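Inspection log for the structure reproduced underneath, given as structure tokens.
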């Protein structure tokens with residue numbers, strides 16, 4: 001008998017982790033992601049595995065976003081030493097993502113321990129270290145899309161392009177169980193077909209069990225043309241007010257997509273009065289990885305918009321300023337108007353965007369643009385929901401900046417795209433919805449049943465399914 005236990009991203013958006021078990025392949029994890037929102041130190045202390053990491057035989061990673069990969073160092077710290085299988089480009093991105101993540105975590109922990117020491121309280125030991133990150137990276141085994149590789153004598157894996165970010169993959173697990181061939185498909189995060197840099201998600205049609213994400217299961221995205229038009233209006237209105245624009249950056253995927261469209265506006269002369277600043281060392285390093293894999297991106301759309309382009313950094317926005325050092329970031333405070341600042345983190349849970357908010361969020365001339373999903377409990381979600389006062393660095397700030405959301409830049413498939421993708425599977429496939437808020441998953445489930453006659457399961461955390 002084969003089973004799957006849902007240990008994360010079940011009726012929630014972050015913390016992707018699903019454990020499969022069968023005689024054919026032992027015990028494996030699809031993803032090992034961290035939860036997002038709240039204090040990083042508090043969150044790391046509370047993150048626990050509902051299994052013994054030493055008993056896991058392999059990890060199969062859908063992509064490099066931290067809510068899918070961020071707990072790999074802790075898994076290694078707690079005893080895991082098996083392979084971590086991923087797509088080729090994902091291995092490159094992981095090196096940037098995990099090293100940056102541990103640096104932020106240990107920095108936050110050091111700050112918290114200074115606070116505890118002043119109060120005479122016990123210090124907090126790190127849940128993992130940079131050495132654990134380096135070991136996790138050494139365990140990575142990368143694979144090409146559409147190339148099957150063996151997990152065991154009776155089980156194999158194949159990655160398919162999910163179209164979400166560079167290296168994102170659907171996972172197809174094939175195995176033999178009591179003489180019968182079985183197949184599991186995990187969508188990972190499905191990409192938005194409007195995403196200009198990514199290829200469209202691969203269409204699959206055969207599986208006994210399908211795990212599909214439903215982040216945007218309750219709505220569709222705005223057409224990209226409307227989104228670009230909205231961005232133009234925001235630029236015009238903010239310039240008229242004499243203000244600046246702050247964009248919380250998702251370092252992988254969203255930043256690169258945004259740079260593409262800003263490049264289009266540059267060619268139209270609409271950025272002449274703006275200084276575009278990428279103030280995220282991680283996003284800069286990630287964009288360099290995208291440049292290394294430039295030939296694997298959606299070359300047709302890029303060529304139509306930017307003929308003869310070979311680099312996001314060099315060819316999209318010639319005047320793009322890369323803010324690497326802390327001194328570079330601090331100097332941005334001296335720009336009184338016309339700064340378009342892209343800074344991490346995407347959900348405003350830390351990073352340099354917090355410092356820019358401190359300098360500018362109380363000024364009504366300025367604008368904050370959100371380009372991606374904001375999980376519950378994050379500062380980004382509070383701002384999108386209209387919070388009028390926020391806490392930054394233990395001080396309260398009045399929110400006077402204009403808050404805008406650009407829906408068309410999402411890297412996730414919208415509701416209709418999710419329905420279209422899953423409708424390709426034959427009637428024998430059992431469909432399970434994961435990676436979404438309960439309300440979004442329920443809306444998607446109801447619509448799939450009413451319009452496609454597709455029944456779905458929505459398991460809670462800790463639930464186990466035999467198949």
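Do we have residue 136 as modelled with pLDDT of 95 or more, assigned to a helix (DSSP H, G or I), in contact with a strand residue (DSSP E or B) (Cβ under 9 Å, 6 or more places away or on another chain) and within 25 Å of residue 53 (Cβ to Cβ) here? Steps first, please.
On the way: modelled with pLDDT of 95 or more: yes; assigned to a helix (DSSP H, G or I): yes; in contact with a strand residue (DSSP E or B) (Cβ under 9 Å, 6 or more places away or on another chain): yes; within 25 Å of residue 53 (Cβ to Cβ): yes.
Judged against the criteria, residue 136 is a match.
Within the stretch 175-192, restricting attention to residues that are under 16 Å from the mean Cα position of the chain (by Cα) and outside any strand (DSSP E or B), which residue is modelled with the lowest pLDDT?
Ranking the qualifying residues of the stretch 175-192, first place goes to 192.
Take the residues in the stretch 432-447 that are farther than 21 Å from residue 29 by Cβ and over 20 Å from the mean Cα position of the chain (by Cα), then tell me which one is surrounded by the fewest Cβ atoms within 10 Å (Cβ to Cβ).
Filtering the stretch 432-447 for residues farther than 21 Å from residue 29 by Cβ gives 437-447.
Applying the additional criterion that residues be over 20 Å from the mean Cα position of the chain (by Cα) yields 439, 442-447.
Working: 439: 11, 442: 18, 443: 18, 444: 26, 445: 20, 446: 13, 447: 17.
Filtering the stretch 432-447 for residues that are farther than 21 Å from residue 29 by Cβ and over 20 Å from the mean Cα position of the chain (by Cα), the one surrounded by the fewest Cβ atoms within 10 Å (Cβ to Cβ) comes out as 439.
Please determine whether any residue of the stretch 144-161 is in contact with a strand residue (DSSP E or B) (Cβ under 9 Å, 6 or more places away or on another chain), more than 25 Å from residue 354 (Cα to Cα) and part of a helix (DSSP H, G or I).
No: the stretch 144-161 contains no residue that is in contact with a strand residue (DSSP E or B) (Cβ under 9 Å, 6 or more places away or on another chain), more than 25 Å from residue 354 (Cα to Cα) and part of a helix (DSSP H, G or I).
Of all residues in the stretch 306-335, which are assigned to a helix (DSSP H, G or I) and exposed (fewer than 15 other Cβ atoms within 10 Å of the Cβ)? Please lay out each step first, then the result.
Going residue by residue through the stretch 306-335, those that are assigned to a helix (DSSP H, G or I) are 312-315, 326-334.
Those that are assigned to a helix (DSSP H, G or I) and exposed (fewer than 15 other Cβ atoms within 10 Å of the Cβ): 314, 326, 327, 330, 331, 333, 334.
In this structure, is residue 450 over 23 Å from residue 9 (Cβ atoms), loosely packed, with under 13 Cβ neighbours inside 10 Å and within 26 Å of the chain's Cα centre (by Cα)?
Numbers: over 23 Å from residue 9 (Cβ atoms): yes; loosely packed, with under 13 Cβ neighbours inside 10 Å: yes; within 26 Å of the chain's Cα centre (by Cα): no.
No; evaluated as a whole, the condition is false for this residue.
Could you please find all residues in the stretch 109-133 being assigned to a helix (DSSP H, G or I), crowded, with 17+ Cβ neighbours inside 10 Å and touching a helix residue (DSSP H, G or I) at 6+ places or on another chain (Cβ under 8 Å)?
Passing the criteria: 109, 112, 132, 133.
Inspect the stretch 240-256 for any residue being outside the structural domain of residue 403 (by TED's automatic domain parsing) and either in contact with a helix residue (DSSP H, G or I) (Cβ under 8 Å, 6 or more places away or on another chain) or within 26 Å of residue 294 (Cβ to Cβ) (or both) and give the result as yes or no.
First, the residues of the stretch 240-256 that are outside the structural domain of residue 403 (by TED's automatic domain parsing): none.
Among the residues of the stretch 240-256, not one is outside the structural domain of residue 403 (by TED's automatic domain parsing) and either in contact with a helix residue (DSSP H, G or I) (Cβ under 8 Å, 6 or more places away or on another chain) or within 26 Å of residue 294 (Cβ to Cβ) (or both), which makes the answer no.
Considering only the stretch 193-215, how many residues are surrounded by 24 or more Cβ atoms within 10 Å (Cβ to Cβ) and either in a loop (DSSP other than H, G, I, E, B) or without any contact (Cβ under 8 Å) to a residue 60 or more places away in the chain (or both)?
5
Check the stretch 394-407 and report whether any residue there is out of contact with any strand residue (DSSP E or B) (no Cβ under 6 Å at 6 or more places or on another chain), closer than 15 Å to residue 249 by Cα, touching a residue at least 60 places away in the same chain (Cβ under 8 Å) and part of a helix (DSSP H, G or I).
Yes, the conditions are met somewhere in the stretch 394-407.
Do we have residue 376 as outside the structural domain of residue 12 (by TED's automatic domain parsing) and closer than 23 Å to residue 67 by Cβ here? Please lay out each step first, then the result.
Details: outside the structural domain of residue 12 (by TED's automatic domain parsing): yes; closer than 23 Å to residue 67 by Cβ: yes.
Yes; evaluated as a whole, the condition is true for this residue.
Within the stretch 338-384, restricting attention to residues that are modelled with pLDDT of 95 or more and part of a loop (DSSP other than H, G, I, E, B), which residue is surrounded by the most Cβ atoms within 10 Å (Cβ to Cβ)?
Ranking the qualifying residues of the stretch 338-384, first place goes to 366.
Of the conditions (1) buried (at least 23 other Cβ atoms within 10 Å of the Cβ); (2) outside the structural domain of residue 431 (by TED's automatic domain parsing), residue 228 satisfies every one except a single condition; which number is it?
Evaluating residue 228 over (1) buried (at least 23 other Cβ atoms within 10 Å of the Cβ); (2) outside the structural domain of residue 431 (by TED's automatic domain parsing) leaves (1) as the failure.
Within the stretch 68-81, can one find any residue that is surrounded by fewer than 20 Cβ atoms within 10 Å (Cβ to Cβ) and either closer than 20 Å to residue 464 by Cα or touching a residue at least 40 places away in the same chain (Cβ under 8 Å) (or both)?
Yes, the stretch 68-81 contains at least one residue that is surrounded by fewer than 20 Cβ atoms within 10 Å (Cβ to Cβ) and either closer than 20 Å to residue 464 by Cα or touching a residue at least 40 places away in the same chain (Cβ under 8 Å) (or both).
State the number of residues belonging to the stretch 236-257 that are closer than 21 Å to residue 348 by Cβ and surrounded by fewer than 23 Cβ atoms within 10 Å (Cβ to Cβ).
Going through the stretch 236-257 one residue at a time, the tally reaches 1.
Listed here are the residues, each with its yes/no results for (1) at pLDDT 95 or above; (2) under 26 Å from residue 364 (Cα atoms).
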| position | (1), (2) |
| --- | --- |
| 236 | yes, yes |
| 240 | yes, yes |
| 247 | yes, yes |
| 253 | no, no |
| 261 | no, yes |
| 275 | yes, yes |
| 279 | yes, yes |
| 287 | yes, no |
| 302 | no, no |
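Scan the stretch 142-157 residue by residue and report those that are surrounded by 12 or more Cβ atoms within 10 Å (Cβ to Cβ) and either in contact (Cβ under 8 Å) with a residue 40 or more places away in the chain or in contact with a helix residue (DSSP H, G or I) (Cβ under 9 Å, 6 or more places away or on another chain) (or both).
If the condition is that a residue be surrounded by 12 or more Cβ atoms within 10 Å (Cβ to Cβ) and either in contact (Cβ under 8 Å) with a residue 40 or more places away in the chain or in contact with a helix residue (DSSP H, G or I) (Cβ under 9 Å, 6 or more places away or on another chain) (or both), then 142, 143, 145, 149, 151, 152, 154, 155, 157 are the ones that fit.
Kindly evaluate residue 34 against the criterion of being modelled with pLDDT of 95 or more, over 18 Å from residue 190 (Cβ atoms) and crowded, with 22+ Cβ neighbours inside 10 Å. Give the steps one after another, and end with the answer.
Details: modelled with pLDDT of 95 or more: no; over 18 Å from residue 190 (Cβ atoms): yes; crowded, with 22+ Cβ neighbours inside 10 Å: yes.
Here the answer is no, as residue 34 does not meet what is asked.
Looking only at the stretch 89-100, decide whether some residue is under 16 Å from residue 9 (Cβ atoms), under 18 Å from the mean Cα position of the chain (by Cα) and in the same structural domain as residue 168 (by TED's automatic domain parsing). Please lay out each step first, then the result.
First pass over the stretch 89-100, keeping only residues under 16 Å from residue 9 (Cβ atoms): none.
Looking through the stretch 89-100, none of the residues is under 16 Å from residue 9 (Cβ atoms), under 18 Å from the mean Cα position of the chain (by Cα) and in the same structural domain as residue 168 (by TED's automatic domain parsing).
Which residues, taken from the stretch 345-369, are in contact with a helix residue (DSSP H, G or I) (Cβ under 6 Å, 6 or more places away or on another chain) and within 23 Å of residue 195 (Cβ to Cβ)?
Result: 347, 348.
The values are calculated or read from the model by the stated rules, or taken from the named source; none is laboratory data. Bear in mind the structure is a predicted one, so any value in this text is a computation, not a measurement. Backbone-built Cβ (ideal geometry, glycine too); neighbour counts: all protein chains shown.
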